[in-house]
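Chemist: Quick one: the structure is below, and I'll ask about it shortly.
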Amino acid sequence: AQKVTQAQTEISVVEKEDVTLDCVYETRDTTYYLFWYKQPPSGELVFLIRRNSFDEQNEISGRYSWNFQKSTSSFNFTITASQVVDSAVYFCALSNGGSGNTGKLIFGQGTTLQVKP
Amino acid sequence: GAVVSQHPSRVICKSGTSVKIECRSLDFQATTMFWYRQFPKQSLMLMATSNEGSKATYEQGVEKDKFLINHASLTLSTLTVTSAHPEDSSFYICSARDQRILNTIYFGEGSWLTVV
């Protein structure tokens, strides 16, 4: 069975602090995709990143970075120098890949990030 | 701009009535679309997979007679909440799979449903 766990329900930081959001996943598939989405209060899901299971390279995009570790089944997300606009709910998600790809996403419980000025 | 459009973004309906939510892929054809539901302060849960030209596949625990899904064209899937009750009040969001690039999923903007 597939499962995504975001153990941190809520995180509160002060602006300019770095913050890491944890994501641990479970899957029996050898080919799969991992995602991070940002959900502001308006509700829409803002796509942040997709990573396939064969690409363990860490990625950096501006203040955002992601650490994918297959050995620990983790895909953590770090925001450097956080800003108030980063306040949102962040979801980690998993889908199977390869020829069996269905496009279904299994979401974690979400982490609410509050960045205080 | 959005590649998957969802309408309406907000709807209020009376208990016992039905409400339809549309999910439209704007510049690609989607043989498969997905419907999720999100209750306040909870995660997104897949309700069903909408397949163009065939019956939807519902997740366990989702009432197919209550949540009618129609995917009559390659760019449009609709979710109809029938005989809505206050407990159906939720955020409904769809996603569409771009068949040109099977692993690309686009989400709609979501629809807030309030049943009074």
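Nothing in this text is a laboratory measurement; each read-out follows from the coordinates by a stated rule. No experiment lies behind these values; they were computed from the predicted model shown. Neighbour counts are summed over all protein chains in view; Cβ atoms, including those assigned to glycine, are modelled from backbone coordinates with ideal geometry.
Chemist: Going by how many other Cβ atoms sit within 10 Å of their own, how do B:Ile69, B:Ile105 line up, fewest first?
Modeler: B:Ile69, B:Ile105
Chemist: Just want the ordering: B:His71, B:His85, B:His7, from fewest to most Cβ atoms lying within 10 Å of their own Cβ.
Modeler: Fewest-to-most ranking of B:His71, B:His85, B:His7: B:His85, B:His7, B:His71.
Chemist: With each pseudo-label sitting 7 Å past Cα toward Cβ, what's the A:Thr9-B:Ser54 distance in nm, one decimal?
Modeler: It is 4.1 nm.
Chemist: Follow-up question, since we're still on this one. What lysines does B:Lys55 reach when the alpha-carbon gap must be under 21 Å and sequence neighbours fewer than 8 apart in one chain are set aside?
Modeler: A:Lys104, B:Lys20, B:Lys64, B:Lys66
Chemist: Applying the Karplus parametrisation 6.51 cos²θ - 1.76 cosθ + 1.60 with θ = phi - 60° to the phi angles of region A:91-97, what ³J(HN,Hα) value in whole Hz is obtained for each residue in order, glycine and proline being reported as x?
Modeler: Listing the rounded values in order: 10, 9, 9, 9, 9, 6, x Hz.
Chemist: What whole-number distance in Å separates the alpha-carbon centres of region A:1-76 and region B:43-112?
Modeler: Computed from Cα coordinates, the inter-centre distance equals 24 Å.
Chemist: Moving on. Arranged by the count of other C-beta atoms within 10 angstrom, fewest first, what order do A:Thr5, B:Thr75 take?
Modeler: Going from sparsest to densest Cβ surroundings: A:Thr5, B:Thr75.
Chemist: Over all directions, the average projected area of the alpha-carbon convex hull for the protein assembly as shown comes to how many nm²?
Modeler: The Cα convex hull of the protein assembly as shown, projected and averaged over all directions, gives 12.9 nm².
Chemist: In straight Cα distance, which aspartates and glutamates are under 15 Å from B:Lys14, not counting same-chain residues fewer than 8 positions off?
Modeler: Counting by Cα, and skipping residues close in sequence, B:Lys14 has these aspartates and glutamates nearby: B:Glu87, B:Asp88.
Chemist: Additional query: Looking at chain B, which Cys residues are left with no other cysteine's beta carbon under 4.7 Å from theirs?
Modeler: That list is B:Cys13.
Chemist: Filter the GluC sites (Glu not before Pro) in region B:6-73 down to the DSSP loop ones having no more than 11 other Cβ atoms within 10 Å, then list what survives.
Modeler: Here the sparse-neighbourhood loop sites are B:Glu63.
Chemist: Now for a separate question. For chain B, set up a Gaussian network in which alpha carbons nearer than 10 Å are linked by springs, and say which option among B:Val19, B:Val62, B:Val81 fluctuates the most.
Modeler: B:Val62
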